[in-house]
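A quick write-up on the structure given underneath.
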Amino acid sequence: VSQAWAATFSFPPENLLTLLAPGFFGSTGKVAYWGRWDIWEMTLFISVTGLVLALIGAVWGERRTRRFSVLMVLVLLLLAFGGYSPLFPLLYKWVPGFGSLRGNSKFILLAALFLVMLAGIGLDALIRGRRIPKGVSVGIASAGVLLIPLALWLRNASSVLPADSWWHRAVFASLRSRIHAASVNADVDPHYLLQTGLQASNSLLLAAATLIAIALLFFLLGHYRRVVWLIFGLALLEIVVFARAALDTFDLSQTTDAELRTFLKDHPGDYRIFNPSGPNAAMSLPAQDIWGYDPGIPLRYSQLLAFAHCTDPATWTRLRLAKAGPLFAMCRLRFVFDRRNGQFQYLEGRDYLPHLLLLQQYRVLTRGEEIMAAVTDPAFNPREEVILESVPDPPPGAIDKSGTASILDSSTDHLTIDAEVKSPSILLITDNYVEGWRARALPGSVQARYRVMPANYCLRAIPLAAGHHFLRLEYSPGAFEWGKWISLTSLGLFLITTFAMAIREFRALTRINN
């Protein structure tokens, strides 16, 4: 990830205003589209009441519990600023792994969690009887009163023609980045600017009303201790209203192509499709797309496609069956779909490989370029030969080529396979190979251990001995296993620590009561 790219996904300092008014810069928490730019807005909003409670927790909370959260909020905000922070170049250059982060702005989520902890500390202080100075209540009320004319002024200023408005310039300043600063002006819809101004004004008015209500509740808190639960309820109400406003729904049927779904229903089978207009729609059809799921294309597969077509990966979605046939047929591609002038069209390839294939002929090549050159050679026949990167054990023989292999159960991360072979064979699985796939023998299998090997550079192969095989192929990378045990250990330590602290608090209360 380049420094410029990383800086693009930084949290602009001016968006700290979302602490008080979540809609100050538009539809915070959602994706705003105009032209060809997508802007992801992160929010720190934990409710206005929550923010006030967090400030109380940072100032009057128990020192032992508050200082860690205050420190973490400051550190995480600094990290979230990314390229807007003078510390960013040093972290990017000298801290291992920091330059690989895709979006520094995501640290905002963690900062919000520690703000919530501070709010809890502040609420706890109020429940325990902490007296809040009257000057604080007056200050909160004054801030609310001052926000009202600011909100009305902003509403008036944003309603002016965008080219003449300071709000127009402020919004553009928040949208510009170091990469496409010169292109923002031409792509923003003027109506979007007017809507953001109106939304920001409404947010400020709501924040003003909330601050005045909080000040009133703090004043009453000095006389009635139960008012603290009204403050707690107000914080919850704000979050519920905010979450409800950010919720967007749609009819799921609108995301699927009914004509394509009907076509696939009429052509059952275990094959892959190529749907350039909606490569991710295969998951909801259901179907298997040769393109896969965009953010997770396996490295070997992408390298083989780039080698075969000498093209930028961004252009792969425009490939046609005639050009990519031999390679994609090896990966079970049967249909390529398209729409021209609104008409549904398709091309069918009839030489696609099955999901499982038993082979006896193999070659061993160790260099990646050699393997890719061999696989893309027009003379290569994947139905008769498989290219491996090491010698299989056991090696296949040509004594008896008869055999069967079938899939009993499958999902995105496992296959249950039943096979019967008369002589040692290579089981070719026309799914992508990545490290982390493991095969284990199930009861009744003639072979105790199975080895998953890369085949034809991007597929999978398992050497089989003669006899009956019953095995389960699972995706279980080492990182997942480590992460699972680290998470379980952390959860156990957390529960033990929580239980120990609860016992200590219970004993302390018992001593006080006695």
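Of everything in the stretch 195-216, what is β-branched (Val, Ile, Thr), at pLDDT 90 or above and crowded, with 19+ Cβ neighbours inside 10 Å? Give them in sequence order.
Kept after step one, since they are β-branched (Val, Ile, Thr), are these residues of the stretch 195-216: 196, 210, 212, 214.
Adding the requirement that they be at pLDDT 90 or above leaves 210, 212, 214.
Hits for the stretch 195-216 are Thr210, Ile214.
Which residues, counting only those in the stretch 226-259, are assigned to a helix (DSSP H, G or I), of a type in the set (A, V, I, L, M) and either open to solvent by 70 Å² or more (accessible area, probe 1.4 Å) or at pLDDT below 90 (or both)?
Leu230, Leu236, Leu237, Val240, Val241, Ala243, Ala245, Ala246, Leu252, Ala258
Can you tell me which residue is most open to solvent (accessible area, probe 1.4 Å) among those in the stretch 338-385 that are outside any loop (DSSP other than H, G, I, E, B) and of a type in the set (Gly, Ala, Ser)?
Step by step, filter the stretch 338-385, then rank; the result is Ala373.
Which of the following residues is touching a helix residue (DSSP H, G or I) at 6+ places or on another chain (Cβ under 8 Å) and not basic (Lys, Arg): Gly492, Gly436?
Gly436
Any chance the stretch 404-411 includes a residue that's under 35 Å from the mean Cα position of the chain (by Cα), at pLDDT below 90 and open to solvent by 20 Å² or more (accessible area, probe 1.4 Å)?
yes
Tally time: how many residues in the stretch 260-300 are in contact with a strand residue (DSSP E or B) (Cβ under 9 Å, 6 or more places away or on another chain) and assigned to a helix (DSSP H, G or I)?
9
Determine whether Ala419 is in a strand (DSSP E or B), buried (at least 19 other Cβ atoms within 10 Å of the Cβ) and without any contact (Cβ under 8 Å) to a residue 40 or more places away in the chain.
Considered against the rule, which asks whether it is in a strand (DSSP E or B), buried (at least 19 other Cβ atoms within 10 Å of the Cβ) and without any contact (Cβ under 8 Å) to a residue 40 or more places away in the chain, Ala419 comes out as no.
State whether the residues of the stretch 317-337 include one that is at pLDDT 80 or above, out of contact with any Cys (no Cβ under 8 Å at 6 or more places or on another chain), open to solvent by 50 Å² or more (accessible area, probe 1.4 Å) and outside any strand (DSSP E or B).
no
Residues to consider are Leu509, Leu493; find the one that is farther than 30 Å from Arg300 by Cβ, surrounded by fewer than 17 Cβ atoms within 10 Å (Cβ to Cβ) and modelled with pLDDT of 95 or more.
Step by step, each of Leu509, Leu493 is checked, and only Leu493 is farther than 30 Å from Arg300 by Cβ, surrounded by fewer than 17 Cβ atoms within 10 Å (Cβ to Cβ) and modelled with pLDDT of 95 or more.
For the list (1) closer than 21 Å to Leu299 by Cβ; (2) of a type in the set (Phe, Trp, Tyr); (3) modelled with pLDDT of 95 or more, I need the number of the one condition that Tyr450 fails.
The number of the failed condition is (1).
If you scan the stretch 451-475, which residues turn out to be within 15 Å of Ala405 (Cα to Cα) and among the hydroxyl-bearing types (Ser, Thr, Tyr)?
Looking only at the stretch 451-475, we keep the residues that are within 15 Å of Ala405 (Cα to Cα), and these are 460-473.
The answer is none; no residue qualifies.
So which of Pro295, Pro286, Pro279 is open to solvent by less than 50 Å² (accessible area, probe 1.4 Å), at negative phi and modelled with pLDDT under 85?
Criteria check complete, one pass: Pro279.
Could you tell me which of the residues Arg176, Arg155 is surrounded by 14 or more Cβ atoms within 10 Å (Cβ to Cβ), modelled with pLDDT under 70, of a type in the set (Lys, Arg) and touching a helix residue (DSSP H, G or I) at 6+ places or on another chain (Cβ under 6 Å)?
Result of the check over Arg176, Arg155: Arg176.
Could you tell me which residue of the stretch 442-456 is surrounded by the fewest Cβ atoms within 10 Å (Cβ to Cβ), considering only residues that are within 33 Å of the chain's Cα centre (by Cα) and in a loop (DSSP other than H, G, I, E, B)?
This residue is Arg451.
Condition check: among the aliphatic types (A, V, I, L, M) and open to solvent by less than 70 Å² (accessible area, probe 1.4 Å). Does Leu464 satisfy that?
Criteria met by Leu464.
Can you spot a residue in the stretch 466-482 that is of a type in the set (D, E, K, R) and within 27 Å of Arg332 (Cβ to Cβ)?
Applying the first criterion (of a type in the set (D, E, K, R)) to the stretch 466-482 yields 472, 474, 481.
Retained after the next criterion (residues that are within 27 Å of Arg332 (Cβ to Cβ)): 472, 474.
The answer is yes; a qualifying residue exists.
Give the residues of the stretch 222-247 that are in contact (Cβ under 8 Å) with a residue 60 or more places away in the chain and more than 23 Å from Leu19 (Cβ to Cβ), sorted by residue number.
Of everything in the stretch 222-247, those that are in contact (Cβ under 8 Å) with a residue 60 or more places away in the chain and more than 23 Å from Leu19 (Cβ to Cβ) turn out to be Gly222, Arg225.
The values are calculated or read from the model by the stated rules, or taken from the named source; none is laboratory data. This is a predicted model, so every value here is computed, not measured. Positions of Cβ are backbone-derived with ideal geometry, glycine not excepted, and every protein chain shown enters the neighbour counts. Just the protein is used for accessible areas: all its heavy atoms, side chains included, with ligands, DNA and RNA removed. Shrake-Rupley method; radii C 1.70, N 1.55, O 1.52, S 1.80 Å.
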